[in-house]
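The values are calculated or read from the model by the stated rules, or taken from the named source; none is laboratory data. None of the values given here were measured: they were computed from a predicted structure. No Cβ is skipped: glycine too gets one built from the backbone with ideal geometry, and neighbour counts run over all protein chains shown.
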Amino acid sequence: MIRLIEPPRLVWPTEEVGVSYLVGEQASDCLLRGTPTQRLERTSEDFAGFVTARRGVQVRWAVPSTIFCYVLGEYYLGRSSSAISSPLNWPGLAATSGTTW
């Protein structure tokens with residue numbers, strides 16, 4: 001088990017963790033699941049663009065949401081997505097997931 005010397009931070013997607021992100025995605029998605037590497041090749045060629053496209057509020061499934069990354073220094077540890085919920089976007093959420101909050 002890896003012991004962290006300090007707690008990870010929850011931040012907007014950042015270029016600082018590019019190498020760690022790409023290595024982790026290659027190991028988990030490509031090698032373990034057998035998915036193609038083309039997505040990672042495109043991502044590694046323009047990691048700054050990849051990060052920029054994931055910052056701020058994005059609309060996914062007709063619901064505004066944000067992506068945050070757990071990082072520790074230059075290491076990417078994972079991500080968290082948060083939906084911005086209000087009665088105004090519940091129909092879009094219900095149409096894609098079948099449930100509302």
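Summary table below
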{"item": "Whichever residue in region 47-60 is assigned to a helix (DSSP H, G or I) and either over 14 Å from the mean Cα position of the chain (by Cα) or not polar (S, T, N, Q) (or both) and, among such residues, is nearest to Thr14 (Cα to Cα)", "result": "Val51"}
{"item": "Filter result for Ser44 (buried (at least 16 other Cβ atoms within 10 Å of the Cβ), of a type in the set (S, T, N, Q) and part of a helix (DSSP H, G or I))", "result": "yes"}
{"item": "Candidate set: region 5-26, residues that are part of a loop (DSSP other than H, G, I, E, B) and of a type in the set (A, V, I, L, M, F, W, C); chosen: the one farthest from Leu40 (Cα to Cα)", "result": "Ile5"}
{"item": "Unmet requirement for Phe68, which otherwise passes all of (1) crowded, with 16+ Cβ neighbours inside 10 Å; (2) touching a residue at least 24 places away in the same chain (Cβ under 8 Å); (3) in contact with a helix residue (DSSP H, G or I) (Cβ under 8 Å, 6 or more places away or on another chain)", "result": "(3)"}
{"item": "Selection count where residues are modelled with pLDDT under 80, in a strand (DSSP E or B) and more than 24 Å from Gln26 (Cα to Cα), scope region 61-87", "result": "2"}
{"item": "Within region 19-32, tally of residues that are within 13 Å of Tyr75 (Cβ to Cβ) and either in contact (Cβ under 8 Å) with a residue 40 or more places away in the chain or surrounded by fewer than 16 Cβ atoms within 10 Å (Cβ to Cβ) (or both)", "result": "5"}
